[in-house]
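To start, the structure itself, in structure tokens.
The values are calculated or read from the model by the stated rules, or taken from the named source; none is laboratory data. Predicted model only: the values in this text are computed from it and were never measured. FYI the Cβ positions are ideal-geometry reconstructions off the backbone, even for glycines, and counts take in every protein chain you see.
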Amino acid sequence: MKKFIWFLPVLAVLATWLPNSDAVWKYLFFLRLPILMGLFLLLLPKLAKDWLPAMLKNLFVLRSKWQLAVVIVSAIGAGTSVISVAAIILDNAPARFGVPPTIEISEFWQYGIAIALSLYICIIAFDLSQEKLNNKERRWGAFVGAVLGIGLLFVISFIRDWLSSNAFLKKILANIVSFVGKHNTFGYINPQTGELSGGHLTAIAYLLIGVVIYITVGLRFNPKSETNRPEAPALLYVLLIISMVTLFYGGATFYFDYFRIPVLILFIAFSAISYIAFDVNHFFQINKFKDSEDKKRDNRDSTNFQELLEKRLQHQEGERTLVIICASGGGIQAAGWTV
């Protein structure tokens, strides 16, 4: 029962809003993606530590102080993407969708909420990493991660201000938005100034940073057949995906909701087309034994484990690696981890 006490304030807020429920439900609909992603950031550590530790706990067990630092930075980045999209919708939904104006979140509070959304992930990562790191390493990783995370927020503000002060780039961005949203630029272009309306430049600034980080991580930690190679923690990839999905799909919902087109349908269609176009299926040819001699030879070879290992490794050059998976069960869990 204690696990659901946090839900009581939500019920109280909903009860307070009921007299104006029409506008409230509209805003909840428009804000569905940042709300879901924000809840995911808040609930993921709880899932990993208490509810599904057998499957998710290792995400938060980091093996070096740098891994802890980059996870903290990426968590702050994920929180920033969520609140940036929410702020865009809150600021511009009245112009685009004709709903009543609501609260406006200042830049200071946006960054404060971003840090708050990331805080639980950072705390659980710091706590569970004690299995691999000593206290000095954990404190170092937490300090460096916090400094870099605050630095990320300043870089976002710097790039946004640079874009805002560059008349040429602002005109290009405004022209692109006007072309894409030619049926209705309300919510994108301020009719009084002819420039991008509130929040969009911040999202563009973070999108540029996020794409650079995503490509850099992909190139830097691309798997190679090397020993002792640096590895990025899996949680970093999870948080980067959350950031990119929130920005791209949050922008898509803000655009397509005007036309009453569900983004989920577009996502399913895109996935289906990609599945067909890129031929992701893998086929393996199985040859039947030609005669009994082949069967005898196979049976004879299977009794010599050393010979089987040599055959398995004979095509590898340099340092030879054999991977053996020992999966714990029940059966479904073992099968999942083995795959």
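Below are the figures for this structure:
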| item | result |
| --- | --- |
| Residue in region 179-193 that is loosely packed, with under 14 Cβ neighbours inside 10 Å and part of a helix (DSSP H, G or I) present | yes |
| Residue check for residue 102: assigned to a loop (DSSP other than H, G, I, E, B), under 29 Å from residue 254 (Cα atoms) and in contact (Cβ under 8 Å) with a residue 12 or more places away in the chain | yes |
| From 85, 24, residue being assigned to a helix (DSSP H, G or I), at pLDDT below 90 and touching a helix residue (DSSP H, G or I) at 6+ places or on another chain (Cβ under 8 Å) | 24 |
| Residue 156 being under 21 Å from residue 250 (Cβ atoms), within 29 Å of the chain's Cα centre (by Cα) and outside any loop (DSSP other than H, G, I, E, B) | yes |
| Positions within region 271-311 being basic (Lys, Arg) and at pLDDT below 75, in sequence order | 288, 290, 295, 296, 297, 300 |
| Near pairs, Cβ below 9 angstrom, 6+ apart or cross-chain, from region 314-327 (of a type outside the set (Ser, Thr, Tyr) and surrounded by 10 or more Cβ atoms within 10 Å (Cβ to Cβ)) to any residue that is at pLDDT below 75 and assigned to a loop (DSSP other than H, G, I, E, B) | 316/225 |
| Only one of 176, 172, 159 that is at negative phi and buried (at least 16 other Cβ atoms within 10 Å of the Cβ) | 159 |
| Count of residues meeting criterion [surrounded by 17 or more Cβ atoms within 10 Å (Cβ to Cβ) and either touching a Leu at 6+ places or on another chain (Cβ under 7 Å) or more than 27 Å from residue 56 (Cα to Cα) (or both)] in region 134-151 | 4 |
| Any hit, region 63-81, residues being surrounded by fewer than 16 Cβ atoms within 10 Å (Cβ to Cβ) and either over 20 Å from the mean Cα position of the chain (by Cα) or not aliphatic (A, V, I, L, M) (or both) | yes |
| Boolean, residue 235 is at pLDDT 90 or above, of a type in the set (A, V, I, L, M, F, W, C), within 25 Å of residue 66 (Cα to Cα) and not in a loop (DSSP other than H, G, I, E, B) | yes |
| Yes/no for residue 257 being modelled with pLDDT under 75 and either surrounded by 12 or more Cβ atoms within 10 Å (Cβ to Cβ) or in contact with a Pro (Cβ under 9 Å, 6 or more places away or on another chain) (or both) | no |
